[in-house]
1. Looking at (1) at pLDDT 90 or above; (2) touching a helix residue (DSSP H, G or I) at 6+ places or on another chain (Cβ under 7 Å); (3) surrounded by 15 or more Cβ atoms within 10 Å (Cβ to Cβ), can you tell me which one Thr83 breaks?
2. Within the stretch 18-27, can one find any residue that is open to solvent by 20 Å² or more (accessible area, probe 1.4 Å) and not in a helix (DSSP H, G or I)?
3. Quick check: is even one residue across the stretch 180-188 buried (at least 16 other Cβ atoms within 10 Å of the Cβ) and modelled with pLDDT under 90?
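The values are calculated or read from the model by the stated rules, or taken from the named source; none is laboratory data. Just so you know, these numbers come straight off a predicted model, no measurement behind them. Note that each Cβ is placed from the backbone with ideal geometry, even for glycine, and that neighbours are counted across all protein chains shown. For the accessible areas, the whole protein counts, side chains as well, though only heavy atoms, and no ligand, DNA or RNA atoms are used. Shrake-Rupley method; radii C 1.70, N 1.55, O 1.52, S 1.80 Å.
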Amino acid sequence: MKHVEDAVLATRSQAGHRDAFGELVSRYAGAARRAARAVLLDDDEADDAAQDGFLSAWRNISRFDPARPFGPWLLRIVANAATDRLRRRRVRRAEVLGPTLSSSDPSPAKETERLALGDALRAALAELPERQRTAVVLFDVEGYSAAEIGRALKIPEGTVRSDVFHARRALRRLLADWHDEGGTDAAGS
């Protein structure tokens, strides 16, 4: 159903309706930012890359095929914008990302543990090769299929599955110490 609604909005956008494109931006802003952040590991640069991606998508909306899902098309553009920024950046900086895990217990101990897990996960993600990091975030966090990610990143579906597998394995290894100390399985199964 969402695919159909996205297609209608994209078609209206192709006809010049900015409000329709604005709705698509609203729907995909979070996913675009997270995809860019997976590549750049920097909140501010991710925001800029997502914005660059949306601007590029608006400029190229005539190239979008409404018979295909909008999300992967857009995320490919955002990932390309993020990759372009990464190539231009001379020195890599890894900054703390905003909290992404929720806790039902707001106690200081739980909050500290949650923040420590977030820091450990961000540091572990920073160790991954860019394509693996992007694939695992799009697959495990955003819920895109391997086929959609493959189309978005212009790589075979099997390569996406391999990247996700290797990223998960590396995350388990990198977070093993935290798991042993923190008592929580941060990398998933």
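1. (1)
2. No, that holds for no residue.
3. Yes: one or more hits.
Yes or no, residue by residue, for (1) at pLDDT 90 or above; (2) under 27 Å from Ala15 (Cβ atoms); (3) not aromatic (Phe, Trp, Tyr):
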{"residue": "Ser26", "(1), (2), (3)": "yes, yes, yes"}
{"residue": "Gly53", "(1), (2), (3)": "yes, yes, yes"}
{"residue": "Phe64", "(1), (2), (3)": "yes, yes, no"}
{"residue": "Val78", "(1), (2), (3)": "yes, yes, yes"}
{"residue": "Leu97", "(1), (2), (3)": "no, no, yes"}
